[in-house]
Amino acid sequence: MTHTEALPFERLAALPGARLIGHTGHAFTRLSYDSRIISDPSHSCFLAIRGDFHDGHDFIEAAYRLGVRCFICTDLADPGLYPDAGFAIVPDVMAALHALAAQHRSQFSYPVIGITGSNGKTVVKEWLTRLLVPAQRVVRSPKSYNSQLGVPLSLWNLSSADDVAIIECGISKPGEMENLASIVQPTIGVFTHVGNAHLEHFIGVQQLVEEKCRLFTRAEKVFYPAQQPIITEGLAAVGFSGEHCTWGAAGSGAMLELLSTLDTARGKHLRVFFKGREEELFIPFKDDGSVSNALLAYVVAEELGAYSSAIRESLSSLSRIEMRLERFSGWNGAVILSDVYNNDLNALELSLDELSKIKGVRKRMVLLSDILESGIPDEVLYPKVAEYLKLYGIDHLVTVGDRIRRFRGDFDLDVICFSTTDDLLQQVEQLDLSDAAVLLKGARTFRFERIVQRLQRKVHASALEIHLPSMLHNLNFYRSHIHSGARVMAMVKAFGYGTGEAPVAGMLEYHGVHQLGVAYVNEGVALRKQGVRLPILVLNPDAGSFGQLIEHRLEPEIYSLKQLRMLDRSLQRLRLREYPIHLKVDTGMHRLGFTGEALTELLQQLSNFKTIRVVGVMSHLAAAEMPEHDDYTRHQINLFNAACEAIQRVLGYRFKRHICNTAGMLRFPEAQGDMVRLGIGLYGAPSCAEDAKHLQPVAHLRSVISQIRQVDAGASVGYTRAGIADHARMIATIPVGYADGYRRSLSNGKGRVWIRGQYAPVTGNVCMDMIMVDVTSVPGVQEGDEVVLFGDAPTISEVALAADTIPYEILSGISARLRRIYVHS
């Protein structure tokens, strides 16, 4: 965690009970507590925090080796080992962190919003941020940093450049919220929802609510749903005297009253009464939880003075905040969903819902530990779990823990029980995972991440991570620029541009994409076998595959009369009529399509084909992303519109018109027609200047360092002795090469990778299975360290530029031998 102004180390003398030793002339901007992820050691202060399963003091030496020179700890055996470092010795490092955060927070007078609740905290925080930006500069808790550690680290990010702060606060036992309230000092409170999660250390829901309400004792206003009066009671119990700001049903007297709702295909229309007037709102969700979260975010944004019409527009394009789930390939064709951090009843149901969306498997299995965070008596809890497993069609259950074992008889399915995770690990290879979808759901204390490591298919040390929430963010960005009548076709050809078409297609289908596009019939068949039901356009179908195309109800792109006649004969043999096709018009790409005399001949004969129905007419823009060719693009659009009018006059009915690719739909919105085709932009690579600042990277290519060796001056590295060391260097070998898709043109300094927070250049030629990089200037580098070949840094666009190619080629060229890991958060 970081803020912009450096804090002199000597200021730490003001911490409770602190004494400073060593070199006190340093300053720092960052707070770090994990020696494995210190990105800027020279500007970091290391917190030696003691926890139940670790002691930060054991990692002081590692942090020092990385370059950290500021430390906060409770004791130090031998200060002489760290001659140029400064140490603040305090009675309690966590208490010192809280005091440091409180002092930092007190410097700012802008609104600080504290958010708590049983669930929905992260969703409301992220949605409120989206409603306020860009009108206001918002600083917020990263991810789900809502604990006794996460909250003070979040506060450390506050700076004078911000207009408002949003801090998420969670608790697990009595007494914790008072600590957080004293450092957050919220001026505005948001209580999202009262549920039965995290009750383990509380007498009941009432005590939990009162404890959470202590966050707002000194707040000016608190926002919450009026239909939960227990929150009103909790606020009264803690002496809250500020303004109650609520939303509720019609006639409830709430600040915002929900008068009526109307479900549509895309979401829910809301008619509300707010600030003395009726308003029409729209949110792209239908469930009650999302409605409540969206309305809370809306009323808070309005109260903060954001521009109303901008808020309503942002409200209509909110996207779902995904769970912390990872998806990857396991043994024998298994698909593994891993959520080893959330273990309450609500989180279990959400994970089971995700498991149910996996298609093309023969069975579904759950590996589940004792549930420790529900606060529900076991006699009620585990029968409820059994109901959920039955509801979501689970075939096999593997349990870990003695509490869930007692209720084995309540589960009407095949059950295997283990007392500990170690017991399961001893027999995990005997589990039949063939063609199964498997959910791992465990409380933190059971350390299910060890099971994850064992179940992963052992193929390659490197992996391509696909962040599905980032893809959803990109999809929603483009949706916000599409007119209301246009549909979205997502291109998932070439193995989903290398990311894996089935999981990507499943996510896109779930989130309302209207159609998918692939290059060849076999790609469409694979999607159908995975359970994808959306219409699928095949861009380049050959006549030999028409049988499979028809069997799996795929829609062909037809670009010649010869091809149309062959399809017609296939359909006649099957006695089929009005089979859906898309006609391809060549307007200037000069690749495939009807043009000139061929188009004239098509118009003369089209009405004779009774076996087909034209559901779409399409074309390709050759240079939509290039402003210097805008006149040519407009010429293409005009030709396309004229061709569509001529085809419609012959057919006598309407069809979907689509010519715009990703760049075209942004730069030529008048040409969006009935459908747009989204390609590389979905995957996080900008297609033009208009989307470059708004996309999130989806694909992250990661590996590890296999070996580090010193190379003397004058020695060569790699084949053909292409890399000559001009002085002694440290060279790291990474198990990724051109056979994996890392291009040979990135050899000898053109390519670079990201290790421990800084770049390391490629040295010598890229080999088939390995590259070598110079890590001489990377402090603390070790064998086994993570390496990022593209992702956040360097970006895939930067890698493509260095390789003198385009992001399409980099992404689609990643070898299938690399694991694909699908991250849901």
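The values are calculated or read from the model by the stated rules, or taken from the named source; none is laboratory data. This structure is a prediction, so every number in the text was calculated from the model and none was measured. We place every Cβ from the backbone using ideal geometry, glycine too, and count neighbours over all the protein chains shown. All accessible areas refer to the heavy atoms of the entire protein, side chains included, with ligands and DNA or RNA removed. Shrake-Rupley method; radii C 1.70, N 1.55, O 1.52, S 1.80 Å.
Bridging of LYS529 to aspartates and glutamates at a Cα separation below 17 Å is possible for ASP435, GLU501, GLU509, GLU551, GLU555, once same-chain residues fewer than 8 apart are set aside. Each residue was assigned an accessible area with a 1.4 Å probe, and for ARG634 the value is about 110 Å².
When the inverse distances between all different Cα atoms of the range 104-188 are averaged and flipped, the Kirkwood radius reads 12.8 angstrom. Membrane-span-like helices in the chain (whole DSSP H runs, Cα extent of at least 15 Å along the helix axis, mean Kyte-Doolittle hydropathy of at least -0.5): 93-105, 121-132, 288-303, 345-356, 378-391, 468-479, 630-651.
The calculated FRET efficiency for ALA310 paired with GLN107, based on their beta-carbon distance and R0 = 35 Å, is about 0.75. Considering only alpha-carbon pairs that sit under 8 angstrom and 6 or more positions apart, the relative contact order computed for the range 678-825 is 25 percent. Considering all different alpha carbon pairs of the range 703-819, the Kirkwood hydrodynamic radius works out to 14.1 Å. Legend: translational diffusion of the range 645-729 by Stokes-Einstein, Rh = Kirkwood radius over C-alpha pairs, 4 °C, 1.567 mPa s; D = 72 µm²/s.
Between amide H atoms placed 1.01 Å from N, distances below 5 Å from LEU433 occur with no residue 5 or more places distant or on a separate chain.
Among the listed pairs LYS441/LYS493; LYS268/LYS357; LYS121/LYS357; LYS125/LYS173; LYS493/LYS562; LYS359/LYS562, those with a Cα-Cα distance over 31 Å are LYS441/LYS493; LYS359/LYS562.
In terms of its C-alpha gyration tensor, the range 12-108 comes out rounded, because the ratio a/c of the largest to the smallest axis stays below 1.5. Applying 0.36 nm per residue to the separation of ASP55 and LEU425 and subtracting their alpha-carbon distance, the gain on full extension is 130.6 nm. Think of it this way: in the chain, CYS73, CYS169, CYS213, CYS245, CYS417, CYS644, CYS660, CYS688, CYS767 stand alone, with no other Cys Cβ under 4.7 Å. Rounded to whole numbers, the Karplus 3J(HN,Hα) couplings from phi for the range 718-728 are x, 4, 6, 6, 5, x, 10, 7, 7, 7, 4 Hz, using 6.51 cos²θ - 1.76 cosθ + 1.60 with θ = phi - 60°, and x at Gly and Pro. Projected onto their three principal axes, the Cα atoms of the range 481-578 cover extents of 39, 29, 21 Å, largest first.
Here is how the number arises for the chain: DSSP H runs of 4 or more residues each give -39500 (n - 2.57), the sum is divided by the residue count, and the result at 222 nm is -8500 deg cm²/dmol. Across all directions, the average flat footprint of the convex hull enclosing the Cα atoms of the range 554-699 is 9.7 nm².
Label-to-label distance for LYS610 and HIS727 is 8.4 nm, based on points extended 7 Å past Cα in the beta-carbon direction. Scanning the chain for chymotrypsin sites (Phe, Trp or Tyr not before Pro) in DSSP loops with at most 10 neighbouring Cβ atoms within 10 Å leaves 54-652 as the longest stretch between them.
Label sites at THR445 and ALA793, each approximated as a point 7 angstrom past Cα along Cα to Cβ, lie 3.9 nm apart. With the largest listed first and rounded to whole Å, the semi-axes of the equivalent ellipsoid of the range 356-474 from the Cα gyration tensor are 25, 18, 16. Using the Stokes-Einstein relation with a Kirkwood hydrodynamic radius computed over Cα pairs, the translational diffusion coefficient of the chain at 4 °C and a viscosity of 1.567 mPa s comes to 43 µm²/s.
Let me check against my output: what whole-number percent is the relative contact order of the chain, with C-alpha pairs under 8 Å and at least 6 apart? Normalised by residue count, the contact order of the chain is 9 percent. Bridges between two residues of the chain, per DSSP, are antiparallel at a rate of about 40%. Note down the Stokes-Einstein diffusion coefficient of the range 157-243 in µm²/s, whole number, using a Kirkwood radius over alpha carbon pairs, 25 °C, and 0.890 mPa s. Estimated diffusion coefficient is 182 µm²/s.
Under 20 Å from a label point set 7 Å out along the Cα-to-Cβ vector of GLU783, the amide N atoms of the range 715-759 belong to 717-718, 729-737, 755-756.
Residues in the range 650-689 near a label at MET626, defined as backbone nitrogen under 15 Å from the 7 Å Cα→Cβ point? It comes to 663-664, 688-689, nothing else. Pairs of alpha-carbon atoms within less than 8 angstrom and 6+ residues apart define the contacts here; what relative contact order does the range 350-485 have, in percent? Relative contact order comes out at 29 percent.
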